[in-house]
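Colleague: Shown below is the structure under consideration.
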Amino acid sequence: ESSFAFSGETGGIWRDIGRPPQQQFGVGFIAEGGGASYYRLTQNARRGPAAFVIEGVDEEIIGNYGILGGGAAGQEIDQSNKDYGTPGHAVVLARSENHSAGMLYVVEEMQSASPIPELYRSDTYAEIIFFETPNGGAVFSVGSMSWCGSLSYNHYENAISTITHNVLRRFCDLAPFEK
């Protein structure tokens, strides 16, 4: 991973080569591991430019079901970080909670030579974010590889499927987003 075999270019994590994923997607890798959890909507989720995302979602806890670890927030999770480039106008719509000890904080983010996972437990969560981009575009990120495993729950009649439908419908609309 330190260099590419075909070109000899520097490899490694995106941030180390000057392209943190937070700049492009609003979120970046923070933890990985076994089990999955759910998301809790934030107070900002139901107002502002991203309110369309959760239209038709009545519950505050979403994704506490699924075939990939039992929840929508699992396997590998990502979160926003303004220091790495998450836009200042990005809206955090939801944050995951109560991950098991099997969800391990990534070594790249630890500030210790001998990591102690318990110290990072409160920092181990995924985020769902939305932000507008120049020229009428927008970004929606769910911050989890397990999201897709929650879509089919209850014959696709669930908050994860509703949110996904809302976002895809709006992103297919040719009307520009306003920043």
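The values are calculated or read from the model by the stated rules, or taken from the named source; none is laboratory data. Everything quoted here is computed from the prediction, not taken from an experiment. Cβ atoms come from the backbone with ideal geometry, glycine included; neighbour counts cover every protein chain shown. Please note that ligands, DNA and RNA were not included when accessible areas were found on the heavy atoms of the full protein model with its side chains. Shrake-Rupley method; radii C 1.70, N 1.55, O 1.52, S 1.80 Å.
Colleague: Would you check which residues across the stretch 36-68 are basic (K, R) and outside any loop (DSSP other than H, G, I, E, B) and list them? Break it down into steps so the answer makes sense when it comes.
Modeller: Within the stretch 36-68, the first condition is being basic (K, R), and the residues that meet it are 40, 46-47.
Passing the criteria: R40, R46.
Colleague: With (1) open to solvent by 30 Å² or more (accessible area, probe 1.4 Å); (2) farther than 14 Å from S146 by Cβ; (3) among the small types (G, A, S) as the list, and G102 as the residue in question, which single condition is left unmet?
Modeller: Condition not satisfied by G102: (2).
Colleague: Of everything in the stretch 87-96 that's in a loop (DSSP other than H, G, I, E, B) and under 20 Å from F171 (Cα atoms), which residue is most open to solvent (accessible area, probe 1.4 Å)?
Modeller: From the stretch 87-96, those in a loop (DSSP other than H, G, I, E, B) are 87-90; that's our starting set.
Remaining after also requiring under 20 Å from F171 (Cα atoms): 87, 89-90.
Numbers: P87: 25, H89: 70, A90: 19 Å².
Filtering the stretch 87-96 for residues that are in a loop (DSSP other than H, G, I, E, B) and under 20 Å from F171 (Cα atoms), the one most open to solvent (accessible area, probe 1.4 Å) comes out as H89.
Colleague: How many residues does the stretch 71-92 hold that are over 10 Å from the mean Cα position of the chain (by Cα) and closer than 22 Å to P49 by Cα?
Modeller: Qualifying residue count, the stretch 71-92: 9.
Colleague: Assuming R121 fulfils every condition listed in (1) among the charged types (D, E, K, R); (2) surrounded by fewer than 17 Cβ atoms within 10 Å (Cβ to Cβ); (3) modelled with pLDDT of 95 or more apart from one, which condition is it?
Modeller: All conditions are met except number (3).
Colleague: Mind listing whichever residues of the stretch 1-39 are of a type in the set (D, E, K, R) and either open to solvent by less than 90 Å² (accessible area, probe 1.4 Å) or free of Cβ contacts under 8 Å to residues at least 24 places away in the same chain (or both)?
Modeller: Passing the criteria: E1, E9, R15, D16, R19.
Colleague: Something else about it: Which numbered condition trips up V139, out of (1) surrounded by fewer than 23 Cβ atoms within 10 Å (Cβ to Cβ); (2) assigned to a helix (DSSP H, G or I)?
Modeller: Going through (1) surrounded by fewer than 23 Cβ atoms within 10 Å (Cβ to Cβ); (2) assigned to a helix (DSSP H, G or I) one by one, V139 breaks only (2).
Colleague: Moving on to the next point. Does G48 satisfy being closer than 22 Å to S96 by Cβ and touching a residue at least 60 places away in the same chain (Cβ under 8 Å)? If you could, list the steps in order and put the result at the bottom.
Modeller: Details: closer than 22 Å to S96 by Cβ: yes; touching a residue at least 60 places away in the same chain (Cβ under 8 Å): no.
It is false that G48 is closer than 22 Å to S96 by Cβ and touching a residue at least 60 places away in the same chain (Cβ under 8 Å).
Colleague: List every residue pair whose Cβ atoms lie under 8 Å apart, where the two residues are 6 or more positions apart in sequence or sit on different chains, the first residue falls within the stretch 67-78 and is free of Cβ contacts under 8 Å to residues at least 40 places away in the same chain and open to solvent by less than 50 Å² (accessible area, probe 1.4 Å), and the second residue, located anywhere, is among the hydrophobic types (A, V, I, L, M, F, W, C) and outside any loop (DSSP other than H, G, I, E, B).
Modeller: From the stretch 67-78, the pairs are G70/A36.
Colleague: Just to check your reading of the model, which residue among G88, G102 is out of contact with any strand residue (DSSP E or B) (no Cβ under 6 Å at 6 or more places or on another chain) and farther than 13 Å from I128 by Cβ? It would help to see each step written out before you state the result.
Modeller: On the way: G102 fails: out of contact with any strand residue (DSSP E or B) (no Cβ under 6 Å at 6 or more places or on another chain).
The unique qualifying residue is G88.
Colleague: Assuming E132 fulfils every condition listed in (1) open to solvent by 60 Å² or more (accessible area, probe 1.4 Å); (2) touching a residue at least 12 places away in the same chain (Cβ under 8 Å); (3) over 27 Å from H155 (Cβ atoms); (4) of a type outside the set (F, W, Y) apart from one, which condition is it?
Modeller: All conditions pass for E132, except number (1).
Residues are listed down the side, and each one gets a yes or a no for (1) among the aromatic types (F, W, Y); (2) within 20 Å of A36 (Cβ to Cβ); (3) open to solvent by less than 50 Å² (accessible area, probe 1.4 Å):
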residue	(1), (2), (3)
N98	no, yes, no
E127	no, yes, yes
S161	no, yes, yes
D173	no, no, no
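Colleague: Show the residue pairs meeting these rules: Cβ distance below 6 Å; 6+ apart or different chains; first residue within the stretch 145-171 and within 9 Å of A72 (Cα to Cα); second residue among the polar types (S, T, N, Q) and open to solvent by 40 Å² or more (accessible area, probe 1.4 Å).
Modeller: Final answer for the pair search is M145/Q75; S146/Q75.
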